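Worksheet: the structure to be examined is printed underneath.
The numbers here are math on the coordinates, done by the rules we state, and not lab data. Model, not experiment: these values are computed from the prediction. Positions of Cβ are generated from backbone atoms using ideal geometry, with glycine treated the same way; all protein chains shown enter the neighbour counts.
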């Protein structure tokens with residue numbers, strides 16, 4: 001039976017050694033990173049059962065390698081007798097035989113002599129900067145590109161819209177700065193003035209008004225011959241806020257699709273409950 005005083009030496013944040021003591025009574029002391037080892041050393045460089053300490057036939061404590069390596073003065077050994085002052089490396093740990101108190105027959109100390117390398121510091125030491133000042137160049141390039149995008153896609157269109165002289169000058173060109181705000185292709189019927197956004201978008205950042213449409217389409221006949229029914233059918237009280245705008249049914253920037261919406265949902269808006277539009281109607285309700 002081995003009566004062993006185990007001294008584990010660790011180091012605090014200031015680099016000073018801290019000793020912890022534990023007494024172990026066992027027929028043998030198993031050293032390794034396995035949870036069942038009575039001398040548990042949690043280091044991935046150790047085997048699960050790295051070495052064992054037990055008594056030989058003469059009653060002397062000996063250490064023997066099992067699935068790991070033991071090293072003395074740089075030489076690998078299979079095992080040795082543990083006497084006072086013995087110094088042996090068990091993987092990255094340094095094992096020393098200390099003076100034993102009277103109530104134990106063996107005292108050993110274990111200290112981690114070779115710490116695991118810091119992955120970040122190791123990676124940093126092996127990494128070099130391929131392009132000097134590359135980060136500052138990228139930063140300046142990013143700022144320059146951001147400024148260019150802001151000028152082209154925000155500054156110039158606003159300049160054309162807000163400054164009448166610029167707006168007049170751009171009207172003579174086949175394109176305008178505000179074309180970058182176009183959400184889609186212009187329909188063929190409006191293609192001849194498609195580069196002049198201000199013809200329809202008379203107020204910046206506002207919906208196209210009926211006034212803009214009627215400036216060209218003043219001769220367009222009423223959609224319904226009965227004026228009272230025309231007013232009631234297009235009165236927004238039942239479906240919209242304000243009045244029904246031309247652009248709600250005639251959608252631009254959808255080419256090659258027709259400018260007038262012709263989907264079933266458009267018909268159902270009125271004919272889904274036709275009596276609300278015209279109580280005197282003899283037509284039946286139509287559903288999509």
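Judged by the mean number of other Cβ atoms found within 10 Å, the most tightly packed of the peptides 88-98, 53-63 leads the ranking 88-98, 53-63.
Please work out the FRET efficiency for the pair residue 1 and residue 128, using the Cβ-Cβ distance as r and a Förster radius of 45 Å; give the result to the nearest 0.05. The formula returns an efficiency of 0.15 here. Axis angle, to the nearest 10 degrees, between helix 134-150 and the longest C-alpha principal axis of the chain: 20 degrees.
Across the chain, C-alpha contacts under 8 Å between residues 6 or more apart give a mean separation that, scaled by the residue count, equals a relative contact order of 9 percent. The value obtained for region 1-64, namely the Cα convex hull volume divided by the number of residues, is 100 Å³ per residue. The gain in end-to-end length when the residue 165 to residue 282 segment is fully stretched comes to 36.4 nm, 0.36 nm per residue minus the alpha carbon separation. Treating r as the C-beta distance of residue 180 and residue 255 and R0 as 25 Å, the FRET efficiency rounds to 0.90. Counting beta carbons within 10 Å around each of 234, 137 and listing the fewest first gives the order 137, 234. Using the Kirkwood radius built from alpha carbon pairs, what does the Stokes-Einstein equation give as D for region 209-288 at 4 °C and 1.567 mPa s, in µm² per second? Diffusion coefficient, whole number: 92 µm²/s. Only helical runs count toward this figure. For the chain, summing -39,500 (n - 2.57) over DSSP H runs of n ≥ 4 and dividing by all residues gives -6000 deg cm²/dmol at 222 nm. Taking the chain on its own, what percent of its Cα-Cα pair distances exceed 24 Å? The proportion of pairs with Cα distances above 24 Å equals 72 percent.
The shape of region 2-116 can be summarised by an equivalent ellipsoid whose semi-axes, obtained from the alpha carbon gyration tensor, come to 20, 18, 14 Å from longest to shortest. Apply 1/(1 + (r/R0)^6) to the Cβ-Cβ distance of residue 228 and residue 144, taking R0 = 45 Å, and write down the FRET efficiency to the nearest 0.05. Efficiency at R0 = 45 Å is approximately 0.10. Extension gain for residue 262-residue 73 works out to 58.8 nm (0.36 nm per residue, less the C-alpha to C-alpha distance). Spin-label pair residue 203-residue 189: with each label point 7 Å from Cα along the Cα-Cβ axis, the two points sit 2.4 nm from one another. Protection proxy ranking for 178-185, 248-255, 215-222, 18-25, using the average of other Cβ atoms within 10 Å per residue and placing the highest first: 248-255, 178-185, 18-25, 215-222.
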